[in-house]
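The values are calculated or read from the model by the stated rules, or taken from the named source; none is laboratory data. Here the structure is a predicted model, which means the values were calculated and not measured. Cβ placement follows ideal geometry from the backbone for every residue including glycine, while neighbour counts extend to all protein chains displayed.
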Amino acid sequence: SSAVMWFRRDLRVRDNPALLAALADGSVTALFVVDPAVWSGAGPARRAWLAANVLALAERIPLTVHHGDPADVVPRVAHGRRVHVSAETTPYGRRRDEAVGAQVELVATGSPYAVGPGVVRNGSGDPYQVFTAFARAWRDRGWSEPAPTPRSPDLEAPEPDGRALALLEEAIADAPVALPAAGEDAAWRRWHDFRRDGLDSYATERDRPDHDGTSRLSPYLHLGVLHPRSLLADIDPASTYATELCWRDFYADVLWHHPASAWADLRPALKGMRYDDPEDAVEAWRTGTTGYPIVDAGMRQLLDTGWMHNRVRMITASFLTKDLHVWWPVGARHFLDLLIDGDVASNNHGWQWVAGTGTDASPYFRVFNPVSQGKRFDPQGDYVRRWVPELDHLPGATVHEPWTSHLGYERDYPLRIVDHGDERREALERYRAARTVH
Ligand code: FAD
């Protein structure tokens with residue numbers, strides 16, 4: 001007998017329980033479907049990253065790549081056979097799998113998370129609303145051991161679909177950024193390097209955008225080129241790094257319980273909030289020309305590399321929502337277009353956290369000050385100088401306040417588009433008004 005293994009966000013051979021389940025059914029057709037709904041919803045950088053990792057998998061195992069609506073393609077390829085997958089838990093993924101599952105026997109084993117969404121619950125069986133409680137229960141519950149790597153998988157040779165392969169090749173050729181090395185060997189190399197050189201100092205280094213102190217595994221984790229369970233098996237579950245992986249599981253859990261929170265406020269606390277639509281200012285934010293150096297550095301890092309440091313994601317998101325008074329989905333959409341790790345659960349709930357509409361009752365009155373954040377987390381100004389060449393002649397932390405130097409604007413760095421002090425007061429005023437509406 002035989003079966004189909006339909007790869008989605010699990011583009012790997014190692015530690016892949018769904019692949020093992022498929023192989024237990026006999027010989028397997030390995031399938032990837034370029035789904036137009038996903039493909040057209042991702043920007044060119046994310047498409048290129050996906051394509052590179054699908055092709056890396058295809059170098060490792062015989063992989064049949066098709067293009068089209070999975071609800072048409074999967075039943076056609078399955079031809080009555082069972083189809084194995086890792087469970088997909090995003091709103092779109094669930095809808096798609098329902099449509100496919102109505103036509104074929106779809107068997108889900110595992111998920112892209114250490115603990116799958118919906119599993120961690122409190123004593124009354126309800127989902128957790130705040131991270132710290134979730135994290136405690138997540139650790140107590142624990143996760144399974146990594147699955148063994150199949151030795152000589154019995155995989156059928158693929159029927160080539162030239163058009164689908166051409167789409168992937170084109171996406172890679174059109175990549176607007178230099179992609180990291182694709183594929184699971186590259187992901188594992190990255191992890192081993194980080195475990196050796198970065199893990200011990202991670203707790204203190206992770207907030208420093210001027211240092212290379214984080215693992216940079218998010219693009220791999222997003223596509224399941226590497227599974228978080230494999231990483232957790234390698235480290236102390238009480239470590240800060242494990243806590244960060246827990247955030248990823250937590251946000252997936254929140255999205256599972258509240259699918260609408262992908263694009264709407266999770267908590268109604270700010271229902272009456274007044275937002276602006278300042279087109280020019282949003283464009284300045286997008287292009288990294290706001291006149292606030294750390295904000296501009298972050299937005300340019302995003303444009304140039306498809307990735308941004310976590311601390312700077314928070315600072316730039318705060319700037320859009322609180323200094324420019326723009327509703328968070330505008331920023332979330334832009335990030336999803338450009339980030340190669342763009343992930344609807346982590347990104348959109350990260351945005352909601354900053355905007356004060358999300359989990360953890362993040363205090364609405366916390367407005368990041370881009371100058372003091374810059375001085376604190378990029379104390380010598382190296383991060384700003386790396387991404388903003390108009391400022392690279394300024395020494396040390398002066399780079400965070402070009403207005404204090406008589407040389408600050410000699411290379412045409414833009415003036416500040418708003419006054420942070422004024423906008424902070426305005427934001428607090430609006431938040432206060434929105435909260436008293438209820
Ligand atoms: P490390 O510091 O090495 O962390 C290891 C892993 O833990 C990450 O790869 C990631 O999988 C997970 N992780 C760490 N922090 C978080 C977090 N706050 N939330 C969820 N998971 C986390 N992460 C994404 O993967 N995709 C996104 O689209 C995304 N958008 C974000 C948007 C905003 C506004 C904010 C504030 C955060 C966002 N994050 C997102 C979370 C975080 O910024 C990135 O996961 C992190 O910067 C990735 O770099 P790294 O792999 O070096 O992280």
Those residues that are in a helix (DSSP H, G or I), more than 19 Å from the chain's Cα centre (by Cα) and modelled with pLDDT of 95 or more, I need them from the stretch 258-292; list them, please.
-> E279, D280, A281, V282, E283, A284, W285, T287
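Table: residues versus (1) part of a loop (DSSP other than H, G, I, E, B); (2) touching a Ser or Thr at 6+ places or on another chain (Cβ under 9 Å); (3) free of Cβ contacts under 8 Å to residues at least 60 places away in the same chain.
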position: D126; (1), (2), (3): yes, no, yes
position: A137; (1), (2), (3): no, no, yes
position: W143; (1), (2), (3): yes, no, no
position: S152; (1), (2), (3): yes, no, yes
position: L165; (1), (2), (3): no, no, no
position: R189; (1), (2), (3): no, no, yes
position: H192; (1), (2), (3): no, no, yes
position: R196; (1), (2), (3): no, no, yes
Filter result for T436 (hydroxyl-bearing (S, T, Y) and within 21 Å of A269 (Cβ to Cβ)) = yes
Quick one: what pairs do we get from the stretch 106-118, first residue aliphatic (A, V, I, L, M), second assigned to a loop (DSSP other than H, G, I, E, B), C-beta under 6 Å, 6+ apart or different chains?
-> A108/A87; A114/W143; V115/W143
Test W307 against the criterion of being within 16 Å of the ligand (Cβ to nearest atom), surrounded by fewer than 22 Cβ atoms within 10 Å (Cβ to Cβ) and farther than 26 Å from N53 by Cα, and give yes or no.
-> no
Reported set for the stretch 198-217 where residues are outside any loop (DSSP other than H, G, I, E, B) and either near the ligand (Cβ under 9 Å from one of its atoms) or surrounded by fewer than 13 Cβ atoms within 10 Å (Cβ to Cβ) (or both) is Y202, T204
Is one or more of the residues making up the stretch 201-208 over 21 Å from the mean Cα position of the chain (by Cα) and not assigned by TED's automatic domain parsing to the domain that holds A345?
-> yes
Mind checking which pairs have a first residue in the stretch 324-336 that is under 16 Å from R313 (Cα atoms) and a second that is more than 11 Å from the ligand (Cβ to nearest atom) and outside any loop (DSSP other than H, G, I, E, B), Cβ under 7 Å, 6 or more apart or different chains?
-> L324/A281; L324/V282; L324/W285; V326/V282; V330/V282; H334/R286
When Y431 is evaluated against the numbered criteria (1) surrounded by 15 or more Cβ atoms within 10 Å (Cβ to Cβ); (2) at pLDDT 95 or above, which criterion, by number, is the only one it fails?
-> (2)
Taking A355 and the conditions (1) modelled with pLDDT of 95 or more; (2) surrounded by 24 or more Cβ atoms within 10 Å (Cβ to Cβ); (3) farther than 21 Å from G213 by Cβ; (4) of a type in the set (A, V, I, L, M, F, W, C), which numbered condition does it fall short on, given that it satisfies the others?
-> (1)
Examine the stretch 343-350 for a residue that is touching a Pro at 6+ places or on another chain (Cβ under 6 Å) and crowded, with 24+ Cβ neighbours inside 10 Å, and state whether such a residue exists.
-> no
Restricting attention to the stretch 336-389, and to residues there that are small (G, A, S) and touching a Ser or Thr at 6+ places or on another chain (Cβ under 9 Å), which single residue is nearest to the ligand (Cβ to nearest atom)?
-> S346
Specify which of the listed residues (A48, A37) is farther than 23 Å from Q103 by Cα and out of contact with any His (no Cβ under 7 Å at 6 or more places or on another chain).
-> A48
How many residues does the stretch 60-117 contain that are aromatic (F, W, Y) and crowded, with 16+ Cβ neighbours inside 10 Å?
-> 1
